[in-house]
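Below is one structure, written out as structure tokens, with a few remarks after it.
The values are calculated or read from the model by the stated rules, or taken from the named source; none is laboratory data. Here the structure is a predicted model, which is why all the values come from computation and not from measurement. Cβ: placed from backbone, ideal geometry, glycine included. Neighbour counts: every protein chain shown. Side chains included, ligands, DNA and RNA excluded: accessible areas come from the protein's heavy atoms. Shrake-Rupley method; radii C 1.70, N 1.55, O 1.52, S 1.80 Å.
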Amino acid sequence: MRIGITCHPTAGGSGVLATDLGIALAERGHTVHFVTYEMPFRLREFRENVFCHTVNLVSYPQFRFPPYSLALTTRIAEIAEENDIELWHAHYAIPHAVCALLARDMLRNGKPFKLVTTLHGTDITLVGNDPSFFRLTKYAMESSEAVTAVSNWLNEETQREFQLSQPIRTIYNFLDMDKFGPGKTERCKLAPKHHKVIMHVSNFRPVKRVTDVVRAFKKVSERVPATLIMVGDGPERMAALGVGKQLGIADHVKYLGSHENIEAILPCADLIFQPSEHESFGLVPLEAMACEVPVIGTASGGICEVVEHGVTGFLCEVGNTDSMADYAIQLLTDGHLAKEMGRRGRERVARLFSRERIVDQYEELYEEVTSK
Ligand code: GMT
């Protein structure tokens, strides 16, 4: 099949998922064309039937904000026409599905492509924050031949909010278990040998609650010698640094900045903290579980479908850093429990979130949509 994909190419989970999906589809013999503002980092390696087309963004004094969505629309139309695309997969309704719909309308040669839209969460948050997007988001979803959500939670929230005329299909995110695994890296040189390693990985947006990570770590470090490794960067980094200093634990917290190859860093952890306010899925907890690292997260949104409380980690109320710390101490002082949770985490990933299983589901959906 000839497939087009639009996504946010930067290191967020939706971009990672879209890129990995494109690569997996290409390995299965499909031809995949990405249209984005920058080449997704995982695409830098040459692959025969994967193409990346970037959007040319012109700035013009008249435009206070360069119209990215319009440039993207034009590029989608060009690529679809040149390559006779059969199916377009938009990751996010706004702006990607809207652009694809407009591009489809512009096509003059050949058969128009079918559109599949995957919701990753922010569309809903966007509407929550700015109701003026409601009609456009609903229109984009209802004009797509199929809409998928990355968790049942997001599926239900979207239906509750938009009351769509067609059902949404849940297709979970996935990862490559050959890439994410335990002990793939030398046991952490980032922390003293006798220290346990607690890790947090995110884009440090307010929704990730990074200061909760530092607060919970403070309580843990009073009982267990430990180092906190913070991976990623973003607007809340300074706040996290400030709290660390205030609590007198700054020397035990290391900030690694953003890294592309998380699979080399995660196996160093004894556990990860992901205390998000909400999360429509939670790719980092999934990656940690594949590396046999237990997760301490929040019982919010889709995380509950990824992490099984008491089995592959522990889920706490949002903001309850005492509870996070208590669970962490329990795990760090009980080697058997930690190992068992890690093992069950990887087993859960294999059962529910493997690349094979999820790519099969997308492929079936594409077949269904294009045969209509
Ligand atoms: O969480 C972010 O800040 C990034 C965002 C994205 O666009 O990558 O993540 C969303 O999509 C991911 C992939 O489906 C999910 O794993 C994340 O849970 C979701 N983020 C939120 O819901 C906050």
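Only protein atoms count toward the accessible area here, which uses a 1.4 Å probe; on the range 84-152, the carbon and sulfur part of that area reaches 53 percent.
Per residue, the average separation of C-alpha pairs within less than 8 Å and at least 6 apart gives the chain a relative contact order of 14 percent. Legend: residue pairs Lys208/Lys339; Lys189/Lys339; Lys219/Lys245; Lys179/Lys219; Lys189/Lys218; Lys179/Lys218, Cα-Cα distance threshold 23 Å; pairs beyond threshold, Lys208/Lys339; Lys179/Lys219; Lys179/Lys218. Between Phe314, Ser258, Cys304, whose Cα lies farthest towards the positive end of the dipole of the range 187-352 when Lys and Arg beta carbons carry +1 and Asp and Glu beta carbons carry -1, centred on the Cα centre? Checked the options; the winner is Ser258.
Within the accessible area of the range 255-343, what % is carbon and sulfur when the probe is 1.4 Å and the other protein chains stay in place?
The C+S portion of the solvent-accessible surface of the range 255-343 is 46 percent.
When the trypsin sites (Lys or Arg not before Pro) in the range 42-127 are filtered for DSSP coil states and for at most 15 other beta-carbon atoms within 10 Å of their beta-carbon, the remaining sites are Arg44, Arg47, Arg64, Arg108. For the chain, the solvent-accessible area of protein heavy atoms averages 44 Å² per residue (probe radius 1.4 Å; ligands and nucleic acids excluded). Within a straight-line Cα-Cα reach of under 30 Å, Lys372 can be paired with the following lysines, leaving aside sequence neighbours fewer than 8 residues apart in one chain: Lys111, Lys114, Lys138.
Counting only heavy atoms of the protein chains and using a 1.4 Å probe, Leu57 has close to 90 Å² of accessible surface. Scanning the chain for long hydrophobic helices, with DSSP H runs required to stretch 20 angstrom or more by C-alpha along their axis and to average at least -0.5 on the Kyte-Doolittle scale, returns 13-27, 68-83.
Segment Val58..His194, full-extension length gain: 43.5 nm, with 0.36 nm per residue of separation and the alpha-carbon distance subtracted.
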